[in-house]
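First the structure, in the form of C-alpha cells, and then the observations on it.
The values are calculated or read from the model by the stated rules, or taken from the named source; none is laboratory data. All values derive from a computational prediction rather than experimental measurement. For neighbour counting, all protein chains shown are included, and Cβ atoms are generated from backbone atoms with ideal geometry for every residue, glycine included. Only protein heavy atoms, including side chains, enter the accessible area calculation; ligands, DNA and RNA are left aside. Shrake-Rupley method; radii C 1.70, N 1.55, O 1.52, S 1.80 Å.
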Amino acid sequence: MILRTNGLCKRFGGVHVARNIDFGIEAGEIHCLIGPNGAGKSSLFRLILGAHRPDSGSILFKDEDVTHLPSFARIRKGMSVKFQVPGIFKDLSVRQNLVISFQHHLHGHDLEATIQRVLAFAGLEGLEDKAAGTLSHGRQQWLEIGMAVGVEPKLLLLDEPTAGMSPEETRQTGEMLRSLSAQGVTILAVEHDMSFVQQIADRVTVLHFGEIFAQGSVAEIISHPGVADIYLGASDE
Amino acid sequence: MTRPEVNSDLNRGASLIDATPKQQRNTLALWLSRLEGPQTLGSGRWFWLTLALAVLAAVIYPLFVDGWTVGNTAYFLVWTFMAMGLGVIWGYAGSLSFGQTAFFGLAGYGYGVLTLNFGAAYGFTLLALALSVGLAALLAVVLGYFMFYGRVQGVFIGIVTLSVTLVFQAFMAQTAGPEWAIGAARLNGFNGMSGMPPLTIPWPGGDVLLYADIALYYVLLGLMLVVYLGLRMLLNAPFGNVLVAIRENPERAEMLGYDVRRYQLLGFVLGGALAGLSGVLYTAWGQYITPSSMSITAAALPVIWVAFGGRKDVTATLIGTLVMIFLYQWLTIYGSQYAIVVMGVILVLTVLFAPEGIVLSLMRWISARLASTGGRP
C-alpha cells in the first residue's frame with residue numbers, strides 16, 4: 001500500500017468531518033472517493049495532503065509516518081495535487097507555470113525536455129507563452145494536471161478533476177488519467193460524476209458523515225443498495 | 001475548436017520523465033543568462049544598449065556640474081537600495097512591508113555607534129558598513145521569523161512592520177539624556193547622532209575619504225549597478241520564480257513542494273539588508289542620522305516610490321524611485337510642506353490609473369510599440 005490512514009479523526013467544532021477512518025490506496029490503482037455533499041471527501045483529501053492536521057490517528061505514505069509533516073514536505077516525498085478550482089498561476093505564462101512546477105528537480109536541458117513533453121501530453125503545444133488565465137477552462141485543468149505529473153509523482157491527488165468540463169473534455173481527461181496510471185502513477189480522485197468514476201476507477205470508497213460507508217470495485221459499489229440511497233438520493237436534491 | 005492530441009506522446013510509450021543525465025553547464029554563463037528572464041522586463045540588444053548609454057551618461061555627468069550637485073545626486077542613489085529591497089519583498093514576494101525604514105534606521109545608527117567608537121582607520125568604516133547591514137539583516141530574520149512562521153499574512157504584515165518602525169522611532173526619540181550612550185556614541189534623542197566619519201577606503205599614501213562628492217557618487221553608482229544586475233540574476237533564478245509563485249498563489253506554491261514561509265523570510269531578509277545598506281550610506285553621506293528617518297512619513301515614502309515605479313519589476317522600481325526622490329526634493333525646495341501632499345496625490349493617481357506602476361506601464365507600452373514596429377531584434 002502506498003498510502004494508509006489509521007484511525008484518522010478530525011472535527012471542526014461539533015462537526016466530525018472524519019471519524020476513525022482506516023483507508024488505504026494500493027500502488028498503481030486509480031481510487032475514487034465519492035459521497036454526497038458534506039460526506040467528508042474534501043476533508044479527507046486535505047488531511048492526506050497536510051492542509052488539515054488530524055485530531056488523532058496517523059497517515060503513512062510509502063510506509064513512512066507523515067502525519068506531522070507540512071504539506072510541502074509531503075509533496076517533496078512524492079505526492080502531487082490538482083485542486084478543484086484550477087490552482088494555476090493565472091497571470092504567468094503556461095511555460096512559467098511549468099518551470100515553477102518542475103525547477104525543484106530539473107534543470108537546463110532536462111527541464112526543457114520535460115516542459116515539451118508535458119505541453120504535448122496536456123495538449124498545450126503552441127500555447128506556452130499565453131497567460132495561463134486566458135486558456136479555456138478545460139485547458140487550465142489540463143495544465144494543472146500537467147504541473148502535477150511532470151515530476152513523476154508516486155501519488156497523484158485530484159480534487160474533482162472534471163469539474164466544469166464539457167463531456168468531451170471529461171472523456172479526454174479520463175483517457176489522460178488512464179494513460180498516467182498505465183505509466184505507474186497511483187491516483188486518488190475525489191469525484192462527483194458517477195459516469196466518470198465508472199470510466200476510470202479501479203476501486204471506489206464511499207464516505208458518509210465522515211465515515212467510510214462502503215468500499216469495493218465500481219460494480220460492487222453501483223450494486224450496493226445503501227450507496228444508491230445515500231449517494232444517488234442526495235444527488236437528486 | 002481543434003481537439004488537442006492528448007495521447008500523441010503516450011502512444012509512443014514515452015515516459016513523462018526523461019532519464020538523461022543532467023547537463024553540466026558553466027555556472028557563470030548560467031548566471032549571466034539570467035540577466036534576462038521572465039521576472040524582469042527588458043531584453044535584447046536595444047535594452048542593453050539603452051542601459052549602457054544611461055550608465056555612460058551617469059559616468060560623464062560629474063564633468064558638467066559642480067561638486068555639490070554631484071554630491072546631491074549621490075544622495076538620490078543612496079535610497080535606491082531600500083526601494084529595490086522593498087520591490088523584492090512587496091513586488092516579487094507579495095508582502096507589503098512598512099518596515100524598510102526600521103532596517104534603514106537600525107543600520108544607520110549601527111554605523112554611527114561603531115565608527116564613533118572605533119574611528120575610521122584601517123578601513124574600519126567598511127567593516128562597520130558590513131556589520132551594520134548584518135545587524136539590519138538580523139532584525140529582519142527575527143521579525144520575519146515571527147511574522148511568517150506565525151502565519152501573519154496580507155495587510156497584517158504592513159501593520160506589524162509599521163508598528164515596529166514607529167516603536168523604534170519613539171524609542172530613539174527619547175534617548176536625549178546622557179545615560180543613553182553606547183561607548184563614546186551619544187544617541188542624542190530627537191536631535192540624532194552626528195559627527196561619524198564618512199566611508200573611508202584605505203589607500204597607500206593616504207586614505208580616500210568619501211565625502212558627499214564625486215568619489216562617493218562613483219562608488220554609489222557602481223554599487224547600484226552591481227545590486228541592480230545582481231537582483232536581475234537572482235529574480236530570474238529559481239529563487240525569484242518561487243517568490244513570484246508565492247505572490248500569485250501561495251497555497252499552490254506550497255502544494256508544489258516549496259517551503260513558502262522560508263522563501264518569504266529569505267526575501268524579507270534580503271530586502272531588509274538592502275534597506276540597511278541604504279541606512280549606512282545615508283548616515284555616511286551626511287554624517288548624521290535622526291529618529292525622523294523612521295517616522296511615519298519616512299516609512300510611507302519608499303512604498304510610494306515603488307508603487308509609482310512598478311513594484312513587480314526591479315528596473316521600473318529603480319527608475320521610479322530616482323524620479324520620485326528628485327521630484328520630492330524639488331518640491332521640498334519650492335513647495336516645502338506641500339511636497340508630502342503631492343506625494344500622496346501621486347500615490348492615489350497611480351493606484352487609480354496605473355495600479356501596476358506608472359514607469360512599468362510606460363515600459364510595457366514602449367516594448368509593445370517596439371515589438372509591433374519590428375524595432376526589437
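Summary of values
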quantity: Simple label model, 7 Å out from Cα along Cβ direction - B:Leu327 to B:Leu127, nm; calculated: 4.4 nm
quantity: Accessible-area order (highest first, 1.4 angstrom probe) of the listed residues B:Trp305, B:Trp46; calculated: B:Trp46, B:Trp305
quantity: Pairwise label distance in nanometres, A:Glu26 with A:Phe209, each label 7 Å out on the Cα-Cβ vector; calculated: 3.1 nm
quantity: Segment B:69-292 - accessible surface per residue (Å², probe 1.4 Å); calculated: 36 Å²
quantity: Interface burial for A against B (accessible surface, 1.4 Å probe, total of both chains, Å², rounded to 100); calculated: 3700 Å²
quantity: Karplus-derived 3J(HN,Hα), 6.51/-1.76/1.60, for each residue of segment A:125-132, Hz, glycine and proline x; calculated: 4, x, 10, 5, 8, 6, 5, 4
quantity: Estimated FRET transfer efficiency (A:Gln183, B:Thr27; beta-carbon r; R0 22 Å; 0.05); calculated: 0.05
quantity: Rounded to whole Hz, the Karplus (6.51, -1.76, 1.60) HN-Hα couplings of segment B:197-214, x for glycine and proline; calculated: x, x, 4, 10, 9, x, 8, x, x, x, 4, 9, 8, 8, 6, 5, 8, 5
quantity: Helix-derived mean residue ellipticity, 222 nm - over the protein assembly as shown, DSSP H n ≥ 4, -39500 (n - 2.57), to 500; calculated: -17000 deg cm²/dmol
quantity: Using θ = phi - 60° and Karplus 6.51 cos²θ - 1.76 cosθ + 1.60, couplings along segment B:296-310 (whole Hz; Gly, Pro as x); calculated: 5, 5, 4, 6, 7, 4, x, 5, 5, 4, 5, 5, 5, x, x
quantity: B:Val65/B:Asn191 FRET efficiency (R0 35 Å; Cβ-Cβ; nearest 0.05); calculated: 0.65
quantity: Fraction of accessible area attributable to carbon and sulfur, segment B:69-292 (%, probe 1.4 Å); calculated: 70 percent
quantity: Helix B:100-118 axis, angle to chain B major axis (alpha carbon atoms, nearest 10°); calculated: 40 degrees
quantity: Percent accessible area from carbon and sulfur atoms, chain A, protein chains only, probe 1.4 Å; calculated: 50 percent
quantity: Exposed trypsin sites (Lys or Arg not before Pro) absent - longest run of chain A, DSSP non-H/G/I/E/B, at most 16 other C-beta within 10 Å; calculated: A:155-237
quantity: Relative contact order [Cα under 8 Å, 6+ residues apart], chain B, whole percent; calculated: 29 percent
quantity: Value of relative contact order over chain A, rounded to a whole percent, pairs C-alpha under 8 Å and six or more apart; calculated: 28 percent
quantity: Overall form of segment B:19-153 per C-alpha gyration tensor (a/c, 1.5; a/b vs b/c); calculated: oblate
quantity: Net +/- balance of residues flanking A:Glu64 in space, Cβ distance below 15 Å, scoring K and R +1, D and E -1; calculated: +4
quantity: For chain A: lysine pairs under 24 Å (alpha-carbon distance), excluding those fewer than 8 apart on one chain; calculated: 16
quantity: Sequence-separation-based contact order of segment B:252-377, relative, with Cα cut under 8 Å and 6+ spacing, percent; calculated: 22 percent
quantity: Residue-level accessible surface for A:His192, protein heavy atoms, 1.4 Å, Å²; calculated: 80 Å²
quantity: Cut-off under 5 Å, modelled amide H: who pairs with A:Ala214 long-range; calculated: A:Val206
quantity: Estimated distance in nm for a label pair at B:Leu225 and A:Glu125, the labels positioned 7 Å out from Cα along Cα-to-Cβ; calculated: 4.6 nm
